[in-house]
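Read through the structure below, which is laid out as structure tokens, and then see the notes.
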Amino acid sequence: MLTVLIADDEQPALDELAYLLGHDARIGAVHRASNGADALRILTQEDIDAVFLDIHMPGLSGIDLARALGHFDRRPPFVFVTADEERAVEAFDLAAVDYLLKPVRTERLERAVGRLIEARAAASAPPATGPIPVTAPARPELVAVSLGGTTRMIRQDAIHYVQAQGDYARLHTDEGSYLVRVPMSDLEQQWAAAGFVRIHRSYLVALGHVERLRLGASNPTVLVGGVELPVSRRLLPSLRDRVAASRVRPRA
């Protein structure tokens with residue numbers, strides 16, 4: 001069971017999160033802090049396994065606290081819980097395990113707790129011993145496309161995004177775009193394991209090529225291949241989840 005700390009200057013939000021966590025069998029003691037200074041004091045005095053941080057607090061903000069955690073000998077994994085939709089990329093740069101938006105949904109909080117448990121287990125796992133096996137890199141998948149009456153093979157990992165065009169799909173790369181007679185829904189299923197994510201009824205993007213995300217409340221977009229593409233409101237939650245799940249988590 002995790003001993004957790006919640007830091008939030010809004011009392012209703014603090015009480016609501018404590019209530020939800022109190023009904024999770026994986027959570028033990030729940031410490032509360034109404035500002036950054038109190039949170040830092042609790043972190044130095046108590047054995048905290050995981051932290052839930054609001055971003056905007058007077059004095060020490062949640063961002064400040066996240067940076068301070070980097071100086072701890074044993075840094076507890078942390079999750080941001082905020083109403084600010086614009087700081088997700090910065091949060092993951094600080095090695096946040098997850099990024100929850102208020103009001104917090106129970107199922108999202110449950111997934112965040114699971115990720116905290118995984119991060120804590122990874123940090124406490126003993127280092128591997130013995131030789132590290134060396135494997136040959138996987139060969140990139142090749143995609144056959146038609147161009148000027150000829151067939152050309154392009155690498156799947158060169159594709160930045162896919163645009164739906166009726167029963168066809170247009171594959172966009174640095175070198176140009178190519179039309180293939182495959183429905184977008186088929187590519188979405190077949191290429192999910194390769195990191196392609198549906199962000200709009202008309203667009204499928206390769207996460208590895210995404211340069212910037214703006215996942216705000218109005219007009220969310222992603223920048224990929226130098227092109228800014230819209231994110232639909234329906235697919236926005238799944239995109240946030242996928243970005244969180246794909247982030248590299250440090251061992252300590």
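What does a probe at residue 110 reach in region 10-28, counting residues whose amide N is under 16 Å from the point 7 Å along Cα→Cβ? From region 10-28, the list is 20-27.
The mean sequence separation of alpha-carbon pairs under 8 Å and at least six residues apart, normalised by the residue count of the chain, gives a relative contact order of 12 percent. Site pair residue 234 and residue 158 shows an inter-label distance of 3.4 nm when each label is modelled 7 Å from Cα along Cα→Cβ. In terms of Cα atoms, the Rg and Dmax of the chain work out to 21.4, 71 Å. Taking 79, 182, 51 as the candidate residues, the one with maximal mean-square fluctuation in a Gaussian network model of the chain, Cα springs under 10 Å, is 182. Calculated accessible area for region 1-73 comes out at 48 Å² per residue, all protein chains present (probe 1.4 Å; ligands, DNA, RNA ignored). A simple spin-label model places pseudo-atoms 7 Å from Cα toward Cβ; at residue 85 and residue 180 they are separated by 3.2 nm. Among 82, 44, 106, the largest mean-square fluctuation in a Gaussian network model of the chain (Cα springs under 10 Å) belongs to 44. Note on the chain: with a GNM built from Cα contacts shorter than 10 Å, the maximum mean-square fluctuation among 25, 91, 13 falls on 25.
Nearest 5 is fine: what % of DSSP beta bridges in the chain come out antiparallel, could you say? Within the chain, antiparallel bridges account for around 65 percent of the total. Each residue, residue 218 and residue 11, gets one label point 7 Å from its Cα in the Cβ direction; the gap between the two is 3.3 nm.
Return the long-range amide H neighbours of residue 203 (sequence gap of 5 or more, or a different chain), with a cut-off of under 5 Å between placed amide H atoms. For residue 203, the qualifying residues are 164.
Please give the contour-minus-distance gain from residue 74 to residue 23: 0.36 nm per residue of separation, less the Cα-Cα distance, rounded to one decimal in nm.
15.7 nm
So what's the convex hull volume per residue for the Cα atoms of region 1-89, in Å³? Enclosed volume per residue, from the Cα hull, is 92 Å³. Across region 70-79, coupling constants 3J(HN,Hα) worked out from phi with the 6.51/-1.76/1.60 Karplus curve, θ = phi - 60°, read x, 9, 6, 4, 10, 6, x, x, 9, 10 Hz, and Gly and Pro carry x.
The values are calculated or read from the model by the stated rules, or taken from the named source; none is laboratory data. Predicted, not measured: the structure shown is a model, and the values here were computed from it. Cβ: placed from backbone, ideal geometry, glycine included. Neighbour counts: every protein chain shown. These accessible areas exclude ligands, DNA and RNA; they are computed on the full protein's heavy atoms, side chains included. Shrake-Rupley method; radii C 1.70, N 1.55, O 1.52, S 1.80 Å.
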